[in-house]
Amino acid sequence: MELGLQEQAGHPLVAPVLERVSRRRLAYLTTLFARLGFPAPEAERRSLLACTAYLGHAQLAHATPALAPRGDALQAYADEVIRTLVAHDGGDRAASR
């Protein structure tokens, strides 16, 4: 449903609804990241990253499903996204490998 609404983002009835829902979603995610101990500006950035990762994956799976991870690869992708989003090491995952 959301991808269909995104396609109509310029419509005068859809635009304010999408903005309201997006603001609410980002505020909720920001609260969750703040509860994980991130300072407010970083919590806001991480909420935006989480939301755009979700929407980007959904768009990829919709537009070019052969390119989207599936099965074990999807689980590994989701795990990596979550690890990246909740890491308190400044996000430099390569340095810890």
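The values are calculated or read from the model by the stated rules, or taken from the named source; none is laboratory data. Note that this is a predicted model, so its numbers are computed, not measured. For neighbour counting, all protein chains shown are included, and Cβ atoms are generated from backbone atoms with ideal geometry for every residue, glycine included.
Checking GLY37 against (1) small (Gly, Ala, Ser); (2) exposed (fewer than 13 other Cβ atoms within 10 Å of the Cβ); (3) without any contact (Cβ under 8 Å) to a residue 12 or more places away in the chain: exactly one of these is not met. Which one?
Condition (3) is where GLY37 drops out.
Give me the helices (runs of 4 or more DSSP H) completely within the chain, filtered to those with at least 2 residues that are modelled with pLDDT of 95 or more, ordered by residue number.
Numbers: elements: 2-7, 14-35, 40-63, 71-86.
Ranges flagged: 14-35, 40-63, 71-86.
Would you please list the contacts, defined by Cβ atoms under 9 Å and residues six or more apart or on different chains, that run from a residue in region 8-28 that is without any contact (Cβ under 8 Å) to a residue 40 or more places away in the chain to a residue that is of a type in the set (Ser, Thr, Tyr)?
Sorted first by the residue in region 8-28, then by its partner, the pairs are ARG25/SER47; LEU26/SER47; ALA27/SER47; TYR28/SER47.
Quick check on my filter: what residues within region 29-60 are over 26 Å from ALA76 (Cβ atoms), within 12 Å of the chain's Cα centre (by Cα) and not acidic (Asp, Glu)?
THR30
Would you check which residues across region 16-61 are farther than 16 Å from THR84 by Cβ, of a type outside the set (D, E, K, R) and in contact with a helix residue (DSSP H, G or I) (Cβ under 7 Å, 6 or more places away or on another chain) and list them?
Listed by number, the residues that qualify are LEU18, LEU26, THR30, ALA34, ALA40, ALA58, GLN59, LEU60.
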